[in-house]
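Engineer: Have a look at this one before I ask anything.
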Amino acid sequence: CARSWPPVAGFATAYSLLAPYEAGYVDDADDQGGETIDGIARVHHPAWPGWPLIDAYKRAASDARPFLLTPAQWSTLRPLILDFYRAEFWDRLRGTDLASQAIADELLEAAVLLGRDRAVRFLQIALNLANDRARRWGELVVSGQVDAGTIEAVRAALRTRRDHYVVTLQNIQQ
């Protein structure tokens, strides 16, 4: 069975590693994030299409605290949650264009926790550090944007088996 080159990183795999850390619904008045579901904070993402559903679920629920989502409600919200992470993070990070699943996984996690620009800067710095004085791929401009140079450097890191080293360097910066 022939493998295609370059390999493609998958959103489902990357999200499955992130999801356990972002899981659940909480509405804690003492938390600056306020009402949050699976890491999506209403104060930061008030237009997310799941909020009207959650509001309707809360109105229909009894006054019992804490408010708990039913399994059926979760299954209605799950596609909206996945769409959010895919659109807000994965697609903007060009995750599918990254040849290394390990690098893509780390980039998604860092972007969710630290912001997309900062996560990409950490990746670009890590790629430059792993580059053996620009002997393996072109030196990257640390722009915070996933550009063609960043994608090619990730592919080169995978070809030269330096992708796990790049992940370690991404982690060190966090």
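The values are calculated or read from the model by the stated rules, or taken from the named source; none is laboratory data. What you see is a predicted model, and the numbers here were worked out from it, not measured in a lab. Counting neighbours? That spans all protein chains shown, and the Cβs are built from the backbone with ideal geometry, glycine included. For accessibility, only protein heavy atoms count, side chains too; no ligands or nucleic acids. Shrake-Rupley method; radii C 1.70, N 1.55, O 1.52, S 1.80 Å.
Engineer: If you go through region 157-168, how many residues are of a type outside the set (Lys, Arg) and surrounded by fewer than 19 Cβ atoms within 10 Å (Cβ to Cβ)?
Structural biologist: Matching residues across region 157-168 total 4.
Engineer: Considering only residues that are without any contact (Cβ under 8 Å) to a residue 12 or more places away in the chain and of a type outside the set (Asp, Glu), which ones fall in region 115-148?
Structural biologist: GLY115, ARG133, ALA134, ARG135, ALA148
Engineer: Considering only region 59-77, state which residues are assigned to a helix (DSSP H, G or I) and surrounded by 13 or more Cβ atoms within 10 Å (Cβ to Cβ).
Structural biologist: GLN73, TRP74, THR76, LEU77
Engineer: Can you tell me which residue is nearest to ARG86 (Cα to Cα) among those in region 32-58 that are outside any helix (DSSP H, G or I) and open to solvent by 70 Å² or more (accessible area, probe 1.4 Å)?
Structural biologist: So, considering only residues that are outside any helix (DSSP H, G or I) and open to solvent by 70 Å² or more (accessible area, probe 1.4 Å), the one nearest to ARG86 (Cα to Cα) is PRO49.
Engineer: Something else now. Only one of ALA111, ALA134, ALA153 is among the small types (Gly, Ala, Ser) and in a loop (DSSP other than H, G, I, E, B). Can you tell me which?
Structural biologist: Checking each option against the conditions leaves just ALA134.
Engineer: Out of GLU88, GLU152, GLU106, GLU139, I need the residue that is among the acidic types (Asp, Glu) and open to solvent by less than 20 Å² (accessible area, probe 1.4 Å). Which one?
Structural biologist: Only one candidate qualifies: GLU106.
Engineer: Of the conditions (1) in contact (Cβ under 8 Å) with a residue 60 or more places away in the chain; (2) within 15 Å of ASP83 (Cα to Cα), SER16 satisfies every one except a single condition; which number is it?
Structural biologist: (1)
Engineer: Could you please find all residues in region 118-136 being among the charged types (D, E, K, R) and open to solvent by less than 70 Å² (accessible area, probe 1.4 Å)?
Structural biologist: Passing the criteria: only ASP132.
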